[in-house]
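Chemist: Below is the structure I would like to discuss, written out as structure tokens.
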Amino acid sequence: MKKIYTILLVAGCLASLAGCEKMLEKTPDGQITLDKVLSNYARSKGLLDAAYNEMYLSRDEICFVFQTVDCLTDNAFWVQIYNVNDWHNGSLSLSNPCITDLWASPIEQLWPDFWRGVRLANNAIKYLPQSTAINTQEMQTWVAEARVLRCWYYMNILEFYGPMPWISEPFDPNFEGWADIKRPTYDEIATTISDELMDVVRSGILPNRQPGANAAHVSNGVALAIRARVLLNNASLLNNPEHDRSKWQRAADAAQDVLDMSEYDLVPMSEYKNLFIGAFTKEVPEIIWRSWRDNSDINNKNGVDVGQYPYASITHIWNCGESPTQELVDCFEMTNGAMPVTYDDDTHTKVTVTPEAAELGYSEAPGGDPYANRDARFYIDVLYNGANYGKPYNCTQDYIIETFVGGRNGFNDIISQETTRSCTGYYSRKDKQVTYWGPGGAWQGNEATHWVLFRLAEFYLNRAEALCELEDYDNACKMLNRVRTRAGQPAIEDVPGFEKSYEFLMPRIRNERRVELCMEGWRFHDQRRWKILDQTNRLVTGMRITRDDDGVYHYERRKIRDYQSYTDKYLVMPIPLSDAKKLTSLEQPEAWR
């Protein structure tokens, strides 16, 4: 009997070409023969578990060190260190993927990890039917799950690296055709993924929604969500420059397939925080799939320093990490639906307050208040000067945020070192909890934090975008309004200056998507599929607030730094050089040739 490490090598996908020793994992229990795997229940199930175990499960684990994907965009700023600094310095190259793990060896991360996920899913698909230790129903269920997981990894590969060949069978150990493997079109691989997922859904093997106790496992809802996102990417400008309307129709229909599932529904705004905070096994109607790992430590790596609390001794954080930019804050409407400001120049430091925002009291003049009467999501997602963060664990006094210079969370002018104080004047709140902190340490009164992978609101916005591209403005507005009215914002038809046109609606759909999904990791891909990097990744700004002797606040928009992450080379990441040398027919993205 061949040893299992040989079997796993035979099953290697493209990632195995890198020569990484991680490709040679043993089975979960350390056994090394295939017959012992397939004759044992736990070992057989381990084939599926291994495929699940390749997933990124924390929102701040993709970028070294503990940096969130939003920091690679204009949504959030991280000080000038580690991967994000290299990224925005324009250092992305064939030999420097920037998104790496400097604590690992090799440091290359996304490319081999995603391909390893494909390979392990293929192992499960191939070998589970040969197991003598599981019954037919278990075999069919686990194979169906592995097929969905394979599509999940492919979706990630496509979003970062563009279309790649569909690998559904383990390669023969004597395979020599690496130089003949070619890159398919995006539509070809998107169609393959769509067909694969629909085959699983139509088989009826998986439930539409997994019960709470089994919520880590994929379902038909997850399958349809992956399909809808892939087909939206397929229709977008980056992959559909000819604006093929049939691709937009497929994207619209795929989003509707998700929305038609009776098992899912938007939660009311009073329960919005439950999307990100709470026990994993607790069913939340809007959640289609989320990470099962507790990411509560994000409070320590990407949160606010509650250690400045004046009423008790509380541990200080390691780093404030992701700091929302002024650009993101400017996306949150006023309660009447008006945008707060327009930019007067390319620096974003000179603005004009819109008349409708001024009517609700928006002002950046001395003594003014730019934070009143904003979209309800602003107060959930962002901590700003004067915000009430609530009571730390086992404390009686509220923690009030002070971002003015000299305040307890005051503005940090030094952007080149790790810091507990924000460089933008804002802190991330969306999946954070003040009760994580309390006298004596952390992890005391908080609930678990989970990264949301798919939730229903995304698919209203996906369909709204696709319908707008199809010039079906009435129905695009209906989809958009489902998300807006949940947040308490007026219907899009009632906002100041409304016009039933592409020129008005599409920017508002994109803005709604940026607000609704902020700090969840998806703007990184939206900027690329829309091909707007040259408009958005030039610079970021913050709000530097000072307080005079009379207690009056003075507001100054401050440029934080220039970015160099806006060229076409940042639209699609290159194949790592080590593998590109072997896969000579698998062309690099156009900007990298």
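Chemist: Direction-averaged shadow area of the convex hull around the Cα atoms of the stretch 183-294, nm²?
Modeler: Working: hull surface 34.1 nm².
Projected over every direction and averaged, the Cα hull of the stretch 183-294 covers 8.5 nm².
Chemist: Express the carbon and sulfur contribution to the solvent-accessible surface of the stretch 188-242 as a percent, rounded to the nearest whole number, probe 1.4 angstrom. Show your work: numbers first, answer last.
Modeler: On the way: 900 of 1810 Å².
Answer for the stretch 188-242: carbon and sulfur cover 50 percent of the accessible area.
Chemist: Please give the calculated 222 nm ellipticity per residue for the chain, where each DSSP H segment of at least 4 residues contributes -39500 (n - 2.57) and the sum is spread over every residue; nearest 500 deg cm²/dmol? Mind dumping the intermediate values first?
Modeler: Numbers: 19 runs with 201 residues, N = 593.
So the helix-based figure for the chain works out to -10000 deg cm²/dmol.
Chemist: From the phi angles alone, apply the Karplus equation (6.51, -1.76, 1.60; θ = phi - 60°) to the stretch 190-197 and give each ³J(HN,Hα) in whole Hz, x where the residue is Gly or Pro.
Modeler: Coupling constants for the stretch 190-197: 5, 5, 4, 4, 4, 5, 4, 5 Hz.
Chemist: Applying the Karplus parametrisation 6.51 cos²θ - 1.76 cosθ + 1.60 with θ = phi - 60° to the phi angles of the stretch 89-105, what ³J(HN,Hα) value in whole Hz is obtained for each residue in order, glycine and proline being reported as x?
Modeler: With coefficients 6.51, -1.76 and 1.60, one gets 7, x, 8, 4, 8, 4, 9, 9, x, 6, 7, 10, 10, 5, 8, 10, 9 Hz.
Chemist: Now a separate question. Length gain on complete extension for the stretch residue 202 to residue 511, per 0.36 nm per residue less the alpha carbon to alpha carbon distance? Walk me through the intermediate numbers first.
Modeler: Values: separation 309, 0.36 × 309 = 111.24 nm, distance 3.51 nm.
Residue separation times 0.36 nm, minus the Cα-Cα distance, leaves 107.7 nm.
Chemist: Mean shadow of the chain, computed from the convex hull of its alpha carbons, in nm²? Don't jump to the answer; show the numbers that get you there.
Modeler: Details: hull surface 106.1 nm².
Quarter of the Cα hull surface area: 26.5 nm².
Chemist: If packing is taken as the average number of other Cβ atoms within 10 Å across a peptide's residues, how do 136-144, 514-522 rank, most packed first?
Modeler: Working: 136-144: 16.7, 514-522: 22.0.
Listed from highest to lowest mean packing, they are 514-522, 136-144.
Chemist: Placing +1 on the Cβ of each Lys and Arg and -1 on the Cβ of each Asp and Glu in the chain, which of 454, 84, 146 has its Cα farthest towards the positive end of the resulting dipole?
Modeler: In the chain, that residue is 146.
Chemist: What are the equivalent ellipsoid semi-axes of the stretch 261-340, built from the alpha-carbon gyration tensor (square roots of five times its eigenvalues), in whole angstrom, biggest first? Working shown, then result.
Modeler: Values: eigenvalues 155, 104, 30 Å².
Square roots of five times the eigenvalues give 28, 23, 12 Å.
Chemist: Might you report the magnitude of the Cβ-based charge dipole of the stretch 220-337 about its Cα centre, with Lys and Arg at +1 and Asp and Glu at -1, to the nearest 20 debye? The partial results should precede the final answer.
Modeler: Values: 10 positive and 17 negative charges, 64 e Å.
So the dipole magnitude of the stretch 220-337 works out to roughly 300 debye.
Chemist: To one decimal place, what Kirkwood hydrodynamic radius in Å is obtained for the stretch 125-210 from all pairs of distinct Cα atoms? All intermediate terms of the calculation are to be shown ahead of the outcome.
Modeler: Numbers: mean 1/r = 0.0680 Å⁻¹.
About 14.7 Å, per the Kirkwood formula over Cα pairs.
Chemist: Please state, rounded to one decimal and in Å, the Kirkwood hydrodynamic radius that the stretch 105-248 gives when every pair of distinct Cα atoms enters the mean of 1/r.
Modeler: Values: mean 1/r = 0.0607 Å⁻¹.
Mean inverse Cα-Cα distance, inverted, gives 16.5 Å.
Chemist: By average Cβ neighbour count within 10 Å, what is the ranking of 206-212, 192-198 from highest down?
Modeler: Working: 206-212: 16.6, 192-198: 18.7.
Top to bottom by mean Cβ count within 10 Å: 192-198, 206-212.
Chemist: On the Cα set of the stretch 88-166, report Rg and Dmax in Å, please.
Modeler: 16.5, 55
Chemist: Limiting things to C-alpha atoms, what are the Rg and the maximum Cα-Cα separation (Dmax) for the stretch 443-489, in angstroms?
Modeler: Using the Cα atoms of the stretch 443-489, the pair Rg, Dmax is 15.3, 51 Å.
Chemist: Also, I was wondering about something else. Pick out, from 555, 115, 157, the residue whose Cα sits farthest towards the positive end of the charge dipole of the chain, with +1 on the Cβ of Lys and Arg and -1 on the Cβ of Asp and Glu.
Modeler: Positive-end residue among those listed: 115.
Chemist: Could I ask something else about it? Using the crude model of +1 on Lys and Arg Cβ and -1 on Asp and Glu Cβ, and no other charge, please compute the dipole size for the stretch 86-233 relative to its Cα centre, in debye to 20. Mind dumping the intermediate values first?
Modeler: Working: 11 positive and 16 negative charges, 86 e Å.
With only Lys, Arg, Asp and Glu charged at Cβ, the dipole is about 420 debye.
Chemist: Return the inverse of the average 1/r over all pairs of distinct C-alpha atoms in the stretch 384-480, which is the Kirkwood hydrodynamic radius, in Å to one decimal. All intermediate terms of the calculation are to be shown ahead of the outcome.
Modeler: On the way: mean 1/r = 0.0593 Å⁻¹.
Kirkwood radius, the stretch 384-480: 16.9 Å.
Chemist: Given the stretch 539-593 reduced to its alpha-carbon atoms as identical point scatterers, what log10 I(q)/I(0) does the Debye formula return at q = 0.18 Å⁻¹?
Modeler: For the stretch 539-593, the Cα-only Debye profile gives -0.73.
Chemist: Enumerate the whole-percent occupancy of each 10 Å bin, from 0 to the last occupied one, for all C-alpha pair distances of the stretch 23-166.
Modeler: 11, 34, 28, 17, 8, 1
Chemist: Using just the C-alpha positions of the stretch 324-473 as equal point scatterers, what log10 of I(q)/I(0) does the Debye formula give at each q in 0.21 1/Å?
Modeler: With no solvent term, the Cα-only Debye profile gives -1.40.
Chemist: Before anything else, pin down the relative contact order of the chain: Cα pairs under 8 Å, at least 6 apart, normalised by residue count, whole percent. Display every interim value, and only then the final one.
Modeler: Working: 1184 pairs, mean separation 105.8, N = 593.
After rounding, I find 18 percent.
Chemist: What dipole magnitude, in Debye to the nearest 20, does the chain give about its Cα centre under +1 on Lys/Arg Cβ and -1 on Asp/Glu Cβ?
Modeler: Details: 62 positive and 82 negative charges, 291 e Å.
That gives the chain a dipole magnitude of about 1400 debye.
Chemist: Could you compute Rg(Cα) / (2.2 N^0.38 Å) for the stretch 26-106, with N its residue count? Mind showing how you got there, number by number?
Modeler: Numbers: Rg = 18.5 Å, N = 81, 2.2 N^0.38 = 11.7 Å.
Here the answer is 1.58, to two decimals.
Chemist: Turning to a different aspect of this structure: Under the √(5λ) rule applied to the eigenvalues of the Cα gyration tensor, what semi-axes describe the equivalent ellipsoid of the stretch 318-366? Give them in Å, descending.
Modeler: Working: eigenvalues 99, 40, 21 Å².
Value: 22, 14, 10 Å, ordered largest first.
Chemist: Further question: Taking only Cα atoms, what is the 0 to 90° angle, nearest 10, from helix 41-52's long axis to the longest principal axis of the chain?
Modeler: That helix lies at roughly 40 degrees to the long axis.
Chemist: Sorting check: for 533-544, 115-126, which peptide has the highest mean count of neighbouring beta carbons within 10 Å, and how do the rest follow?
Modeler: 115-126, 533-544
The values are calculated or read from the model by the stated rules, or taken from the named source; none is laboratory data. Everything numeric here is computed off the predicted structure, so don't read it as measured data. Methodologically, a virtual Cβ is constructed for each residue, glycine included, from the backbone with ideal geometry; neighbour enumeration extends over all protein chains shown. In case anyone asks, the SASA skips ligands and DNA or RNA and just uses the protein heavy atoms, side chains included. Shrake-Rupley method; radii C 1.70, N 1.55, O 1.52, S 1.80 Å.
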